[in-house]
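The values are calculated or read from the model by the stated rules, or taken from the named source; none is laboratory data. Note that the structure is a prediction, hence the values are computed from the model and not measured. When we count neighbours, we look across all protein chains shown, and the Cβ atoms used for this are built from the backbone with ideal geometry, even at glycine.
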Amino acid sequence: MTEPTTGSLRVSGALLHYEVRGRGPLLLLIPGGTGGAAAFDGVADALAAEHTVATYDPRGMSRSALDDPEAEQSVSAHAEDALCVLERLSPGEPARVFGASSGGIAALHLLTTHPERVARVVVHEPPVVEVLPDAAAHRALLARVRETFHSQGLGPAMTVFAAGLRRDGDSGDKGDNKDKGDSVEQRAESRLPPQAAGRAERTLADLPYFVGRIVPAFMAYRPDIRRLEALSDRLVLACGRDSRGELPYRAAAFLAERLGNELRHFPGGHIGLTTHPAAFGEHLREAFGVRGRQPGREAAGVPHTSSG
């Protein structure tokens, strides 16, 4: 694995840690869950053969510290962070953007609020549950998660959350779902490559923040459907082949149908970029329409550290 160039970027309310690899047109990767920039270690080098690949730890995660550790989170603030990274690394130039899960929601908001900065967006299983006909049931789920988290702690809250993410009609009593306390991410952990499995252990510290502040804010997000319809030619919606029926899949598939966009299927499930990195990276290249390195385009030099 190539060691990335790292930097720090001051944004409103936080100091972001970001990483850059390669040369060429900018491709910004926005992580979801608690993965941070390291979630893309398995795909970044291959993508960097044709792009300047940038990713970062979202505010409050890993190496991106909040000024106020108790600050409430919002999709708009996280999307503005992505915009700040774009402005740092590719000022004035539209960029390709990929977002996974909650990072996909940030990418959708970035597209609708700053379309001039985005050439094409690929989002993988953004849990935009507010678009679903049964959105009220999922609001009730989030309320139960929040109440359980505050009254009983992280473990019981994760159990409630995981039950709400399962496939339609899946009781959790067999197969991958046999442990009712496992999340979508945790159920796949036994299949992770060794490096990724080690990283999963390191990200457990971010789970209280994720469950307590990211999940409630992001899964209550209502995308601007009319705006997305106008920008649908720049948007690719994708889901994992193995996650049909799970809540993030259902939400993304419904949004794709609503917009009249083809739903692409990537290898693996909700965390296919971690469990199937090589194949996932190839599908991502295809979704961006990449057919080879574009000669003559090099990114400007990126500082190793900065607080500007």
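Miscellaneous remarks
- Residues that are aromatic (Phe, Trp, Tyr) and at pLDDT below 95 within region 24-69 are absent altogether.
Results for (1) within 10 Å of the chain's Cα centre (by Cα); (2) under 28 Å from Asp242 (Cα atoms), shown as yes or no for each residue.
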position: Gly32; (1), (2): yes, yes
position: Leu47; (1), (2): no, yes
position: Ala54; (1), (2): no, yes
position: Pro58; (1), (2): yes, yes
position: Ser64; (1), (2): no, no
position: Ala82; (1), (2): no, no
position: Ser90; (1), (2): no, no
position: Pro94; (1), (2): no, no
position: His124; (1), (2): yes, yes
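- Set Ala136, Ala107: member being assigned to a helix (DSSP H, G or I), of a type in the set (Gly, Ala, Ser) and touching a residue at least 40 places away in the same chain (Cβ under 8 Å): Ala107
- Check on Leu15, crowded, with 23+ Cβ neighbours inside 10 Å and in a strand (DSSP E or B): no
- Test for Arg258: is it in a loop (DSSP other than H, G, I, E, B) and either closer than 22 Å to Leu111 by Cβ or at pLDDT below 95 (or both): no
- Taken across region 112-132, residues that are under 26 Å from Val43 (Cβ atoms), aliphatic (A, V, I, L, M) and assigned to a helix (DSSP H, G or I) do not occur at all.
- Checklist (1) crowded, with 20+ Cβ neighbours inside 10 Å; (2) under 17 Å from the mean Cα position of the chain (by Cα) applied to Arg120, failing item: (1)
- A search for C-beta distances below 6 Å between a residue of region 250-276 that is over 23 Å from Asp134 (Cα atoms) and among the aromatic types (Phe, Trp, Tyr) and any residue that is surrounded by 17 or more Cβ atoms within 10 Å (Cβ to Cβ) and modelled with pLDDT of 95 or more, counting only pairs 6+ apart in sequence or on different chains, returns Phe266/Ala238; Phe266/Gly240; Phe266/Gly272; Phe266/Phe280; Phe266/His283.
- Residue check for Phe149: within 23 Å of Pro31 (Cα to Cα), among the aromatic types (Phe, Trp, Tyr) and either modelled with pLDDT under 95 or assigned to a helix (DSSP H, G or I) (or both): no
Residues checked against (1) of a type outside the set (Gly, Ala, Ser); (2) touching a Ser or Thr at 6+ places or on another chain (Cβ under 7 Å); (3) buried (at least 24 other Cβ atoms within 10 Å of the Cβ); (4) at positive phi:
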position	(1), (2), (3), (4)
Asp68	yes, no, no, no
Ser74	no, no, no, no
Gly92	no, no, no, yes
Ala107	no, no, yes, no
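Yes/no per residue for (1) β-branched (Val, Ile, Thr); (2) touching a helix residue (DSSP H, G or I) at 6+ places or on another chain (Cβ under 6 Å); (3) farther than 15 Å from Pro223 by Cα:
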{"site": "Cys84", "(1), (2), (3)": "no, no, yes"}
{"site": "Arg88", "(1), (2), (3)": "no, no, yes"}
{"site": "Leu108", "(1), (2), (3)": "no, no, no"}
{"site": "Leu111", "(1), (2), (3)": "no, no, no"}
{"site": "His138", "(1), (2), (3)": "no, yes, yes"}
{"site": "Phe149", "(1), (2), (3)": "no, yes, yes"}
